[in-house]
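Visitor: Just dropping this structure here.
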There are 2 protein chains.
Amino acid sequence: MATINDIGVAAAINIVTAIAFLIAFAILRIQPVNDRVYFPKWYLKGLRSSSIQTGGFGSKFINLDFRSYVRFLNWMPEALKMPEPELVDHAGLDSVVYLRIYLLGLKIFFPIACVAFTAMVPVNWTNKGLDRLKHSNLTYSDIDKLSLSNIPNGSASRFWVHLCMAYVITFWTCFMLKREYQNIALMRLQFLANDQMRPNQFTVLVRNIPTDPHESICELVEHFFKVNHPDQYLTFQAVHDATKLSELVKTRKQMQNLLDYNNNKHMRTLSKRPVIKMGFLGCCGEEADGIKYYTSMVESLTREISEEKERLRTGTKSIVPAAFVSFKSRWGAAICAQTQQSRDPTEWITEWAAEPRDIYYDNLALPYVDLKLRRIIVAVAYFFLTFFFMIPIAFVQSLANIEGIEKAFPFLKPLIEVRLLKSIIQGFLPGIALKIFLLFLPRILMQMSKFEGFVSTSSLERRSASRFYMFQFINVFLGSIVTGTAFQQLNSFLNQSANDIPKTIGVSIPMKATFFITYIMVDGWAGVAGEILRLKPLIIYHLKNTFLVRTENDREEATDPGTIGFNTAVSPILLPFIIVFFGLAYVVYRHQVINVYNQKYESAGKFWPDVHRRVLTALIVSQLLLMGLLNTKQAPKSTPLLLVLPVLTIGFHMHCKGRYQPAFVTYSLQEAMVKDTLERTREPNLNLKAFFRNAYAHPEFRVGENLEKEMAVEKPHTTPELVATKRGSWRNTSLPSKHSCPA
Amino acid sequence: MATINDIGVAAAINIVTAIAFLIAFAILRIQPVNDRVYFPKWYLKGLRSSSIQTGGFGSKFINLDFRSYVRFLNWMPEALKMPEPELVDHAGLDSVVYLRIYLLGLKIFFPIACVAFTAMVPVNWTNKGLDRLKHSNLTYSDIDKLSLSNIPNGSASRFWVHLCMAYVITFWTCFMLKREYQNIALMRLQFLANDQMRPNQFTVLVRNIPTDPHESICELVEHFFKVNHPDQYLTFQAVHDATKLSELVKTRKQMQNLLDYNNNKHMRTLSKRPVIKMGFLGCCGEEADGIKYYTSMVESLTREISEEKERLRTGTKSIVPAAFVSFKSRWGAAICAQTQQSRDPTEWITEWAAEPRDIYYDNLALPYVDLKLRRIIVAVAYFFLTFFFMIPIAFVQSLANIEGIEKAFPFLKPLIEVRLLKSIIQGFLPGIALKIFLLFLPRILMQMSKFEGFVSTSSLERRSASRFYMFQFINVFLGSIVTGTAFQQLNSFLNQSANDIPKTIGVSIPMKATFFITYIMVDGWAGVAGEILRLKPLIIYHLKNTFLVRTENDREEATDPGTIGFNTAVSPILLPFIIVFFGLAYVVYRHQVINVYNQKYESAGKFWPDVHRRVLTALIVSQLLLMGLLNTKQAPKSTPLLLVLPVLTIGFHMHCKGRYQPAFVTYSLQEAMVKDTLERTREPNLNLKAFFRNAYAHPEFRVGENLEKEMAVEKPHTTPELVATKRGSWRNTSLPSKHSCPA
């Protein structure tokens, strides 16, 4: 096992890496040439159109104002300066709630760490429990002396300290969680109450509309809602199966890009017209005039698109059995979204429509049986993914300590024994291997969620996030403890009687602390510092800028700001050693939220119940581990006292769920009525029908409406039409997605 | 362990008991003197006012028509004759659905039993697996040779038969369950659709009304619903805390009874006026004139009651923060009941109001926090009840086999070895001891449910039933297997190495079949036959008739028909050997439903999802047991194949839940609208306000309204007012409880 020295080296390496990243960032961010990488949000918001220049030659690319290098760390206070309400306006509630996760981490762990270091370290350290085990084959190190493993069996008074700590930790965590849940529920309710008028407040997504031989889907929808919601029903928007149209639009875009590229080329070298080859990948085959060829392609595609659009508009065959039904008031929509419409629960399934830009159109048409089948298939697939991923992880874990490698490959011994190398391996190997494994996971999970049939990007991401959490939980946490222990202690196990096995497990679980410390340092410290450097976007941006960027259009897309990876970052599962991580992450993400990330949708903090549940899960697992541990330590008196803790924690969870979760799931009639009444007073002559006309049309379907706008460079949008309140964070309010154009 | 002979003797005893009960019933039921015991429902329905007499002296008490004795078993075909739709009219949908549980049992187990006896018995019987174990200390008997225990380890082809059977059983059970769920959901929907107009279709129970310093609860309710349901709100009924009134009314009733008794006495012996003693229990102290004393008591109580009623009517202090809010249409009520009203989910909690006679008024006033606290307290109490009940059961189980007793008390050996006695002990002891334990349980569970704060009798009974099921499951089923096995095989365990323990458990679980067979014979066969004899009501009725019955009023109450014990009977957990039980139970309960039980409320089969879930739980547990068993039998190849079964079963459960459960939980807006529209066409000038005026007043509060009616003997009711449809099973429709009077 790793000694304190190993941990020290690993920490040093990680700290150096993190600091290097931060310095690199501090220097790179003030280079005008990188402005679009580090401040893309301001460009998208239209608050900045070109980088700030300090004058002089080259100042367009490199910052020559040396004074600014002196203040290179001042982005940190800057990031912390913006007050929370302003941040909500600037970046949306989701981002603010996301930041509060890290703040919550600090609030929970800082006091606990203080108490733990003053109370528990002395209690554990001043023991000889592990020394006594020396005669056995168990491997341990100095750092393990800090853990519970070091307390000898039956040392009652010392276990009492741990017991009290368990109670203190539980109560403190629950207290903080409750306060935070309350705050965020309140923030969400206020946000929704102050929010401007948006189509999704009035609109319900209806799926699984039954087929009727006598009526078309449109007629059916109209009749059904006119009958069952006579006073509230306003209008509806049919959903088209626009797959073919999407493809055509996509192809035309590519062709248009190539055309622009060839035009540019022609502009530069006016003498000769650009020539392209028609064969494989443009490398061989007969030559043709590039401009002519692409112009004709674009033209024919445009024709095809308008034909396809006409076909969709006039025909009814492409209409899928789903519709967006809009109501005259929020009250009416709240009723329709939250009740069962039809006798048959598999038909006329209603739910709140997501924001137009949040809708994932591909899944709208899935029938009920398909949905259920897909859910089962994905569950099975996820199960296998989770449990077969465990094999490589377990293998890496078994290699994670030098002694293990040496035992397995004795011939490597001289190499590994080099002091520095040994420490590096100890510190980095386990964390990095795991990190690489986990890097590919979110995409797979997202694909699974898409296949499963969720209808909004936000729900897709929430589902992926909880799958990712479960995966981490089983593989990283439980997997490391069980298989890591098993591989490592196998030798001991085989040499002792069966009755002693639980005891050995009890001793070795806390020894795993080393692994988690390195994992958090790599994943947390260096990872977060790397996040702010935006290395991948930086490289891609400059690559595109140098070699690939062909048109202004493309450059716009190269500054893809990305969205916060809610689906990977929300997993507060690895708890020790992480105050630094939380602090660093808070500052870094606050900076990113302010300057980089552009929100794709606004769910008003709807993911908080997931966060809450995950923290509690981690808490309960830690309680159970402690219980098992004390049990093997022959402190059985403590078991009933420890058993109370998970029961209380579950009770606390139920309480919070009943008390605060409804704010994230339902929309009360009272709120709806208040908002409706206010609005009716403020704007008595509102034309709602016009407001809804195209709000939920398929993005590609709408995109083609007017070609010139689609082709135009995306411009900063004006604040959206209608009832403009103070709040302006729902930038794309009436726009289905970023592909669409300003109205 | 019991031999086949023991089982035979036990079966014989049980069969004889059952037949004796049935014959006794057949003779007793045709005695006119017992008419009120065996056909109380016809008296309550008013279809019979005195027993059918065949003429002649004594025929008032004893049936002298000997021809009727010849046909003494013809109650069975009679019970089966009434067609199902008529039964729904006669006894309500709940009873019909309850009967279908037994029918479902027959449908599931009869084919399975056929297949099992043709396929599995030969496979198991023709083995020597247990003979090989003879050298060990395991005790086994001939009957165990029929079980899986008898197959030697690693006999692959024979295990395949078991595997296939597991699949066949699972698929057949799921198929039948699905069909039944579908049928019952349809029956429920039709029943509700055809149902006459009742206040609970329009009424929502609102609880946790917040306090307001400026408004009374009544004003608050009125304002809240006028604002938030402007078009639909009609009226509301405040809930009074009428505890004191209830007590007064109860006391007056006792006094009135005593007065009547003294009057009767005086009538018989006109000479002397009845004298009572004023001291302890009427046995000592100074004497007084009975009639005068009780008359004055009744008078003063009547005065007090009307004062208290006046106080309740005029004052607002007794109003609790709950109300029954009625709407203009079912649509409006459906909306209010199924959505969240207020921003704060702990205030203005709405749910469908139960039928007036189903309401449990005592719990209406409980605040939100109390409810949660009570839920936790009851959960903890239930946990301890379940797990500490296990100790006596385990003790009884350990005594349940003769060899165990002999080993424990060697001096009893000569006594026990008497052949017949031994068989009796073997056959009866375990079942009866358990039965006595379980006899006291339902009351405790019901008290727990009442404490927990449910607001309707039906939900109280459903909750008690599921607790009872859980209890049975843990204690009878798992408890018998684990501790029974442990006690019995302890000797073997201690003498073998740790690795062999799972194998031993695997061998002995199927041996427990004997215990379950005796349990089912006692509980099922004799129990059901005893049910039809109605021994307890019969004895109590005749006792009261001879010694206690004082007034006609009392006699009415002595014919308390009881309601079906949904809370104890719905637990199809013990699966083997029970076709006879299901058949017998079906006939017996059909007879009882037709002739005896009077329904206290109508939930339209709302308990079916519970039944469905329990059958599936039992199925999954049996699958897991088989898996563990085959694993210990060194047939590991079968494990993945068996693992598929519980996964499929859980998937099936999810499917059924999504597909059919909503019919039992929600009320769709479409249905509500259809019913509203039909009714509006049929009765355009309906005065709904009058209809609701007193529907949900506290029963005691209403009872006192007119004294003469309360005192009157309960008469058969005419069909209720308004929109009288064909259906007539909701006899007390507009009446809060059986204590109330006809309108």
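Throughout, read-outs are computed from the coordinates displayed, never taken from laboratory work. Bear in mind the structure is a predicted one, so any value in this text is a computation, not a measurement. Neighbour counts run over all protein chains shown; Cβ positions are idealised from the backbone, glycine included.
Visitor: Could you calculate the FRET efficiency of B:Trp160 with B:Asp289 from 1/(1 + (r/R0)^6), where r is the beta carbon distance between them and R0 is 60 Å, rounded to 0.05?
Guide: That pair, B:Trp160 with B:Asp289, gives E of 0.10.
Visitor: Under a crude label model (7 Å from the Cα following the beta-carbon direction), how far is B:Asp241 from A:Glu219 in nanometres?
Guide: Result for the modelled spin labels: 6.1 nm.
Visitor: Sequence gap at least 6, Cα distance under 8 Å: using those rules, report the relative contact order of segment B:201-354 to the nearest whole percent.
Guide: For segment B:201-354, the relative contact order is 47 percent.
Visitor: Within 10 Å of each Cβ in A:224-230, how many Cβ atoms from other chains are there, averaged over the peptide?
Guide: 3
Visitor: According to a simple spin-label model (label point 7 Å from Cα along Cα-to-Cβ), what is the distance in nm between A:Arg680 and A:Phe387?
Guide: Distance between the two pseudo-spin positions: 5.7 nm.
Visitor: Put a dot 7 Å past each Cα toward the Cβ at A:Lys81 and A:Ala116; how far apart are the dots in nm?
Guide: 3.6 nm
Visitor: Return the whole-Å distance between the Cα centroid of segment A:650-701 and the Cα centroid of segment B:167-184.
Guide: Using only Cα atoms to place each centre, the spacing works out to 41 Å.
Visitor: Classify segment A:201-354 as rounded, prolate or oblate from the Cα gyration tensor: take a ≥ b ≥ c as the square roots of its eigenvalues, call it rounded if a/c is under 1.5, otherwise prolate when a/b beats b/c and oblate if not.
Guide: Taking the square roots of the gyration eigenvalues as a ≥ b ≥ c, segment A:201-354 is prolate.
Visitor: Efficiency by 1/(1 + (r/R0)^6): what FRET value for A:Tyr368 and A:Glu310, r their Cβ-Cβ distance, R0 = 30 Å, to the nearest 0.05?
Guide: Step by step, r from the Cβ atoms, then E = 0.40.
Visitor: May I pose another question? If the only charges are +1 at each Lys and Arg Cβ and -1 at each Asp and Glu Cβ, what is the size of the charge dipole of segment B:201-354 around the Cα centre, to the nearest 20 debye?
Guide: Rounded to the nearest 20 debye, it is 820 debye.
Visitor: Calculate the FRET efficiency for B:His266 and B:Phe440 from the Cβ-Cβ distance with a Förster distance of 51 Å, rounded to the nearest 0.05.
Guide: Computed FRET efficiency for B:His266 and B:Phe440 comes out at 0.75.
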